[in-house]
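Data first, discussion second: the structure below is written as structure tokens.
Read-outs: derived from the displayed coordinates by stated rules, not from any lab. From a predicted model like this one, the values you see are computed outputs, not experimental measurements. So basically every Cβ, Gly included, is an ideal-geometry build from the backbone, and we count neighbours across all protein chains shown.
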Amino acid sequence: MDKTLICTLCNGEMQLYEGPRYNRKTGGVLIAAGAFATLFWVGAVLGIPLMAAGAYMVGSKRQLWVCKDCNSAIERLVVKSESTSLKKVK
Ligand SMILES: [Zn+2]
């Protein structure tokens, strides 16, 4: 399955770019803070949501289709489960 997007402006071929949606460091810090808080019994209440938020930030990606000819770009927002299936397409 080879999916190529065609530019609506010039009918040129579009290329997929993929990058992290959030700053990976911020997500990592949240996971670390969550893991640290979970070490203490009461901290799990705070730590688990923190780790979940951090994992979401690290895992969430941004996909951009950029036209090779006129450089116009379309942004695609995908949830994590869908981005794994899209990788096979590439
Ligand atoms: Zn174009």
Mean-position separation - Cα centroids, the stretch 16-35 and the stretch 53-75, in angstrom: 15
The stretch 49-56 - phi-based ³J(HN,Hα) in whole Hz, Karplus 6.51/-1.76/1.60, Gly and Pro as x: x, 4, 5, 5, 5, x, 5, 5
Grab the Cα-Cα distance for Phe36 and Tyr56, subtract it from 0.36 nm times how many residues apart they are, and report the gain in nm with one decimal. 5.4 nm
Mind giving me the nanometre distance, one decimal, between the label points for Leu46 and Thr4, set 7 Å out from Cα along Cα→Cβ? 5.4
